[in-house]
1. Only residues of region 159-173 count here: report those whose backbone N is under 11 Å from the spot 7 Å along Cα→Cβ of Thr85, or say none.
2. Please work out how much accessible surface Ile151 shows to a 1.4 Å probe, ignoring ligands, DNA and RNA, in Å² rounded to 10.
3. Below 8 Å between Cα atoms, with a sequence gap of 6+, how large is the relative contact order for region 95-199 in percent?
4. Round to the nearest 0.05 the FRET efficiency obtained for Arg94 and Leu194 when R0 = 22 Å and r is the Cβ-Cβ distance.
5. Modelling each spin label as a point 7 Å along the Cα-to-Cβ direction, I'd like the Arg28/Ala106 distance in nm, to one decimal.
Amino acid sequence: GALAGSLNAAHNKGREAPPGHVAIRRYRHCARWLVALLLDRPEVPLTLVSEVTARRKDYSIASRVEFDASPWGVSGILYENNEATEYLVLVWDRIAHLNIPVGDSAFQTFWEYLTLGLCMMRWCPLYADLLFCGDNTGSLNLALSMKGSGIYGAISREIAWRAARYRWSYAVAHLPSESNVTADRMSRIADPSLPPLAE
């Protein structure tokens, strides 16, 4: 894609680099990805296979994760054969390097997509097939396309690298907000407007 874009720009007299130089900005992300691949020395050839599919909530998959995010925290619940067996709860501290303030709901899709990535990192290495269910369609679509610009592209690259390197197999499904009660409440344990959870 980068090569095609460079050739197209050159054909249209686009100036991406000074005369006698090659534009490298287009290639920097894939170059970093390849360096990481080479340094990790995988024992098997890397095969890029799309294994992510959009599904309704399908309980025929034995293991699933229901997740939710708020501007204050993260939650994920692992279900095995419809029984909750493990919980992930994190409270956002600060994400200064991305200039995103904790508690700002304007970045809800970012919180949700980052939460999905964290849940994948926690459970994908342990299960051969997982279904991730969330109520934010934007984050689910990003997980399917593995694209996005800016802060979303940064998360997509992290997920794509791990999914390809470690052969993660997963699907995503939309879980209506009214059915995502437990994960939603757990993600808000640090919300100052809500009472604390009961012991």
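1. From region 159-173, the list is empty.
2. Roll a 1.4 Å probe over it and Ile151 shows about 40 Å².
3. Details: 88 pairs, mean separation 30.0, N = 105.
Dividing the mean separation by the residue count of region 95-199 yields 29 percent.
4. It comes out at approximately 0.60.
5. Each label point lies 7 Å from its Cα, and together they span 2.5 nm.
The values are calculated or read from the model by the stated rules, or taken from the named source; none is laboratory data. Just so you know, these numbers come straight off a predicted model, no measurement behind them. All Cβ positions, glycine included, derive from the backbone under ideal geometry; neighbour counts span all protein chains shown. Note: accessible area is taken over every heavy atom of the protein model, side chains too, but ligands, DNA and RNA are not part of it. Shrake-Rupley method; radii C 1.70, N 1.55, O 1.52, S 1.80 Å.
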